[in-house]
Amino acid sequence: MINNIIQQQIEYYRARASEYDEWFYRQGRYDRGEMFNTRWFNEVDVLKSALRQLGKFNDILELASGTGIWTQELLNIGNKITAIDASQEVIEINRYKLNSPKVNYHQVNLFEWEPNREYDLVFFSFWLSHVPPELIDAFLEKIYNSVRLGGKIFAIDSRYEPTSTANNHTLKDNKDIYVSRKLNNGQEYQIVKVFYQPEQLQTHLIKAGFQADVKVTDNYFIYATGTKVV
Ligand SMILES: C[S@@+](CC[C@H](N)C(=O)[O-])C[C@H]1O[C@@H](n2cnc3c(N)ncnc32)[C@H](O)[C@@H]1O
């Protein structure tokens, strides 16, 4: 069951690569009208500002880097970025958009990934929500092993908010972690989507060994900073 969902998630994001940015930029099925879109972008600004406040880093690792929406923010605060994603299709979009010698891309299934070095900052946006809950602690342990002592993590994810997703996606309730997602052409995939409460995520991060601080924006996002202290 889990392996099947993990594979479907990979296939879903590969097939969605060229239309992925419509979600973040509130276009097409994700355009919920001016009031909700303004809210969304204001809250994105809160995330960007929190990220910038972390300071500058030499070596950054970005997990599930996608089409570069956040990789381009990381370029402002980092000298070198290692960007990992399972989809060659999103990697090519990211590479084309950023066109930066500072970013090194690797096509890797994160469920098979083993960290082989440490970074100053490990960043992952809209990724933890796709990790099946039974794998979350093991996955966070790998993240812990990829951060140097004194280094940081920064995570961003979705809050449970129906206007966050496409207008033809149904958010049944926030307990149902197996959800259906459609492409613009109607093709449907089953994926995992977990909406963490701040205290839940904090507990997982502390268990992994981080000193953690988890916050939410008014409607759409949950974000966390963590420091490896021991
Ligand atoms: C919701 S998107 C987030 C992308 C990017 N972080 C952002 O914020 O725009 C999830 C990303 O995870 C990638 N992904 C899905 N399953 C994966 C896996 N098993 N290993 C690595 N990446 C995976 C997808 O290709 C996609 O780029």
| message | Please determine whether any residue of region 83-96 is touching a residue at least 24 places away in the same chain (Cβ under 8 Å), closer than 27 Å to Lys48 by Cα and among the aromatic types (Phe, Trp, Tyr). | response | no
| query | Just a yes or no: is a residue in region 216-230 assigned to a loop (DSSP other than H, G, I, E, B) and among the aliphatic types (A, V, I, L, M)? | reply | yes
| field | Within region 45-141, strands (runs of 3 or more DSSP E) holding 3 or more residues that are over 27 Å from Gln197 (Cα atoms) | value | 57-63, 78-85, 103-107
| said: Give me the residue from region 103-118 that is without any contact (Cβ under 8 Å) to a residue 24 or more places away in the chain and within 15 Å of the ligand (Cβ to nearest atom) and, out of that set, surrounded by the fewest Cβ atoms within 10 Å (Cβ to Cβ). | reply: Glu112
| task | Could you tell me which residue of region 144-186 is nearest to Ile6 (Cα to Cα), considering only residues that are of a type in the set (Ser, Thr, Tyr) and in a strand (DSSP E or B)? | result | Tyr178
| task | Considering each residue of region 79-97, count those that are within 14 Å of Leu61 (Cβ to Cβ) and either within 18 Å of the chain's Cα centre (by Cα) or modelled with pLDDT under 95 (or both), and give that number. | result | 5
| task | Taking Gln72 as the residue in question, decide whether it is within 11 Å of the ligand (Cβ to nearest atom) and surrounded by fewer than 17 Cβ atoms within 10 Å (Cβ to Cβ). | result | yes
| field | Filter result (more than 9 Å from the ligand (Cβ to nearest atom) and either within 11 Å of Ala155 (Cα to Cα) or touching a Pro at 6+ places or on another chain (Cβ under 8 Å) (or both)) within region 119-142 | value | Leu121, Val122, Leu128, Lys142
| task | For region 178-217, name all the residues that are closer than 27 Å to Ala17 by Cα and small (Gly, Ala, Ser). | result | Ser180, Gly186
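The values are calculated or read from the model by the stated rules, or taken from the named source; none is laboratory data. Note that this is a predicted model, so its numbers are computed, not measured. Cβ coordinates were reconstructed from backbone atoms using ideal geometry, including for glycine residues, and neighbour counts include every protein chain displayed.
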